[in-house]
1. Can you say whether Gln67 is surrounded by fewer than 20 Cβ atoms within 10 Å (Cβ to Cβ), out of contact with any Leu (no Cβ under 6 Å at 6 or more places or on another chain) and at pLDDT below 95, as far as the supplied structure shows?
2. Identify, from the list Asn161, Asn212, the residue that is within 13 Å of the ligand (Cβ to nearest atom) and at pLDDT below 95.
3. Return the total of residues in the stretch 1-22 being farther than 14 Å from Leu90 by Cα and either in contact with a helix residue (DSSP H, G or I) (Cβ under 9 Å, 6 or more places away or on another chain) or outside any loop (DSSP other than H, G, I, E, B) (or both).
4. Taking the stretch 78-117, which residues are touching a helix residue (DSSP H, G or I) at 6+ places or on another chain (Cβ under 8 Å) and of a type in the set (Phe, Trp, Tyr)?
5. Can you say whether Lys294 is touching a strand residue (DSSP E or B) at 6+ places or on another chain (Cβ under 9 Å), among the basic types (Lys, Arg) and away from the ligand (no atom under 15 Å from the Cβ), as far as the supplied structure shows?
6. I need the full set of residues from the stretch 29-53 which are of a type outside the set (Lys, Arg) and under 17 Å from Ala63 (Cβ atoms), in order please.
Amino acid sequence: MEETEFIWMNGKMVPWKDAKIHVLTHSLHYGTAVFEGIRCYDTPKGPAIFRLKDHVKRLLDSAHIVQVKANFTQKEYEDACKAVVSKNKLKECYIRPIVYFGYGQMGLATGKCGVDSAIAAWPWGVYLGEDGVKNGIRMKISSYTRHHVNVMLTKSKTTGNYVNSTLAKMEALNAGYDEAIMLDAQGYISECSGENIFIVRDGVLITPPATNALEGITRKSMLEVAAAEGIEAREELFTRDQLYISDEAFLTGTAAEVTPIREVDNRTIGAGKPGQVTKKLQARFYDIIHGKDKKFEKWLDYVEK
Ligand SMILES: Cc1ncc(COP(=O)(O)O)c(C=O)c1O
């Protein structure tokens with residue numbers, strides 16, 4: 001990864017190399033930290049963070065679900081995200097806030113644990129590769145089932161949830177694919193290791209309900225962009241064979257942005273290249289994040305006012 005100069009820790013800017021925690025930090029052992037993934041983009045008005053308020057709100061919601069008592073407020077985390085970007089003189093970057101149970105208490109009970117927060121930011125290019133964004137990626141249905149809603153609490157971005165994602169991602173990579181698609185406990189398509197999924201059938205955009213998937217902020221944005229483009233969109237369960245015979249498919253996420261899918265389990269999706277609906281939504285999304293779309297400028301939080 002590309003290092004930057006400072007990481008925000010509990011309200012202070014700490015040099016990158018000194019941003020360390022004790023090996024007996026509670027969340028390191030039990031996977032109970034909550035985190036966010038946010039992107040900042042270069043725009044004609046300077047660096048702008050995409051949907052910052054929604055991301056910080058989800059961070060606090062995650063903390064609420066896992067009962068981690070966040071030690072800063074919504075406004076303080078928002079300001080800290082902006083400060084990390086400007087202090088590191090970044091134009092475009094990925095921002096990673098994390099709130100975790102700290103050092104001082106062991107055992108599963110968290111009642112007496114202290115809580116710490118940190119925010120790092122660094123330049124992070126296209127998550128699934130330039131070629132993937134342009135021409136589409138190859139995906140595999142994972143042998144790992146996505147969390148049942150009563151096993152892990154999937155509305156929370158809890159670090160422990162991501163063991164399931166890492167297993168699926170590594171299985172897909174080791175089998176020669178770019179990314180994994182995960183089925184829910186009933187066998188319906190749920191989401192990907194770190195992205196939501198959409199298909200297009202007969203001109204209608206379909207994404208699984210976020211019942212057992214993360215309520216993706218890019219997913220929510222995409223549904224609003226589709227409405228603005230006059231594209232009919234539905235939140236509806238679908239099966240792996242409906243995905244195989246879809247006309248188009250793509251995934252959405254902060255890291256992956258909007259990435260077309262050209263193949264699933266060695267079956268070509270549509271024409272095997274990004275389709276018209278995908279291309280239209282992808283182009284509009286890239287205009288929005290780069291500050292070229294007046295209608296959706298409300299989603300940008302400029303770092304310097
Ligand atoms: C499991 C999972 N699903 C979906 C997403 C996409 O969410 P967002 O668009 O808010 O980044 C992410 C990324 O945060 C994720 O980790």
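1. Values: surrounded by fewer than 20 Cβ atoms within 10 Å (Cβ to Cβ): yes; out of contact with any Leu (no Cβ under 6 Å at 6 or more places or on another chain): yes; at pLDDT below 95: no.
Here the answer is no, as Gln67 does not meet what is asked.
2. Asn212
3. Number of matching residues: 12.
4. Tyr100, Phe101, Tyr103, listed by residue number.
5. no
6. Across the stretch 29-53, the qualifying residues are Tyr30, Gly31, Thr32, Ala33, Val34, Phe35, Glu36, Gly37, Ile38, Leu52.
A quick yes/no check of all residues on (1) within 20 Å of Met139 (Cα to Cα); (2) assigned to a strand (DSSP E or B); (3) not hydrophobic (A, V, I, L, M, F, W, C):
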site	(1), (2), (3)
Thr259	yes, yes, yes
Glu263	yes, yes, yes
Gly270	yes, no, yes
Lys273	yes, no, yes
Val277	yes, no, no
Lys280	no, no, yes
Asp287	no, no, yes
Lys295	no, no, yes
Glu304	no, no, yes
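Residue-by-condition table, conditions (1) within 16 Å of the ligand (Cβ to nearest atom); (2) over 25 Å from Phe101 (Cβ atoms):
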residue	(1), (2)
Phe35	yes, no
Ile49	yes, yes
Gln67	no, no
Cys81	yes, no
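The values are calculated or read from the model by the stated rules, or taken from the named source; none is laboratory data. These numbers were taken from a predicted model, which means no experiment stands behind them. FYI the Cβ positions are ideal-geometry reconstructions off the backbone, even for glycines, and counts take in every protein chain you see.
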